[in-house]
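Take a look at the structure below.
The values are calculated or read from the model by the stated rules, or taken from the named source; none is laboratory data. These numbers come from a predicted model, not from an experiment. Counting neighbours? That spans all protein chains shown, and the Cβs are built from the backbone with ideal geometry, glycine included.
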Amino acid sequence: MATARSQVARANSLRLFELVFVLMSAVQPITRRQIIDLVSEYRQTGDGPTLQRMFERDKQTLRELGMNLETSETDGGEAYRLRDRSFTLPEIDFTPQERAMLTLAGRVWSENAMARESQDALRKLAAAGVELDAAPSLAFQPSVSAREQAFQPLWEATARRRRVRFSYRTSTGTTSERHVEPWMLGSRSGSWYLIGFDRDRQERRSFKLSRITSEPRAEGPDASYEVPEIDRAALLASLAPAPGTQQAVLAIRGEYAPMLRRRGRPMVVVGDGPELPEGYRTYEVPFNREADLAAEVATHGADVLVVSPPALRETVIDHLQRVVAAHGGAS
């Protein structure tokens, strides 16, 4: 029963989020028909008594939250517009722990399918000739790109306590199918991890999402296992990579590649070092496996250049050449 209530509450929150996003994005009033087409749950419900009750209830909720929802008549029927931002909350103070949790929640929100719904709504508004306000799109756009395709299904399975199976590639390159009871998802050193109980090995294991090679499949009913008492902070801390045994010198442009800059130590290249383009600064970055650092550096394109060692530079160049060969001009 509690799970069903939480699913209903989540659906209501997502629907209201979409409705507010659509209303905030339009400069002029938008019709009821346009709103129904743009908000996914309205569209799926179908135009009938159920939709009418849902829509009226949502309008009332927005007004109870202090939003100035204005109604007018247009050639296309009844239309709606948010007149101002009077619903903006007063300043709220959070503890450091609460801010950390809000940051993680924001990443979870921005990396799921909600970002796609928002962008779809903007495209439909523009196609209908509605003048858009850029500010809401900037406020709601994802702050972290959805690089990990496994994130969404694992997040849902973790929230619902459903077992999952997926193919996983280890650091040595071997791949096998894993059956896991998810406990938590966490981010460490720029990477997302799943921590849970590995049913095949009968012990706790952590899985780097970038090494999951198939779409995770949930199995069994909701609440099919119990999550033990765990120290989440300690588990995340245990994911920290071992101290690097080798050093690379990287030239990083401006404020790009923050994770590499944070791990590195600013330095000055002297002697016969290469002349760097304007705006770049050199950092000494520790690493263990050349292939891992090369893949990370390559994701930053021209914003990160390898000064040394030469072998790492050649690996990055080879990586980028293979990307161009595979994707051509699109890369």
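Miscellaneous remarks
- Among the residues making up segment 47-71, those that are part of a helix (DSSP H, G or I), touching a strand residue (DSSP E or B) at 6+ places or on another chain (Cβ under 8 Å) and without any contact (Cβ under 8 Å) to a residue 40 or more places away in the chain are K59, R63.
- Unmet criterion (only one of (1) modelled with pLDDT of 90 or more; (2) closer than 22 Å to A294 by Cβ; (3) of a type in the set (S, T, N, Q)) for S210: (1)
- Of the listed requirements (1) touching a Ser or Thr at 6+ places or on another chain (Cβ under 9 Å); (2) in contact (Cβ under 8 Å) with a residue 60 or more places away in the chain, S224 misses just one: (1).
- Residue tally, condition touching a strand residue (DSSP E or B) at 6+ places or on another chain (Cβ under 7 Å) and farther than 30 Å from R313 by Cβ, over segment 216-256: 12
- Test: residue in segment 214-227 that is under 25 Å from the mean Cα position of the chain (by Cα) and in a helix (DSSP H, G or I): no
- Subset tally (residues that are in a strand (DSSP E or B) and in contact with a Gly (Cβ under 6 Å, 6 or more places away or on another chain)) for segment 251-283: 2
- The requirement of being under 22 Å from R161 (Cα atoms) and touching a helix residue (DSSP H, G or I) at 6+ places or on another chain (Cβ under 6 Å) is fulfilled somewhere in segment 217-237, by at least one residue.
- Selection status of R205, at pLDDT 90 or above, out of contact with any Ser or Thr (no Cβ under 6 Å at 6 or more places or on another chain) and not in a loop (DSSP other than H, G, I, E, B): yes
- Residue within segment 200-210 that is hydroxyl-bearing (S, T, Y) and either in contact (Cβ under 8 Å) with a residue 60 or more places away in the chain or surrounded by 12 or more Cβ atoms within 10 Å (Cβ to Cβ) (or both) present: yes
- The number of residues in segment 256-289 being surrounded by 15 or more Cβ atoms within 10 Å (Cβ to Cβ) and touching a residue at least 40 places away in the same chain (Cβ under 8 Å) comes to 7.
- Some residue of segment 290-311 being in contact (Cβ under 8 Å) with a residue 12 or more places away in the chain, of a type in the set (G, A, S), crowded, with 18+ Cβ neighbours inside 10 Å and within 13 Å of L250 (Cα to Cα): yes
- Residue list for segment 150-176, restricted to those being over 21 Å from A223 (Cβ atoms) and buried (at least 20 other Cβ atoms within 10 Å of the Cβ): A150, F151, Y168
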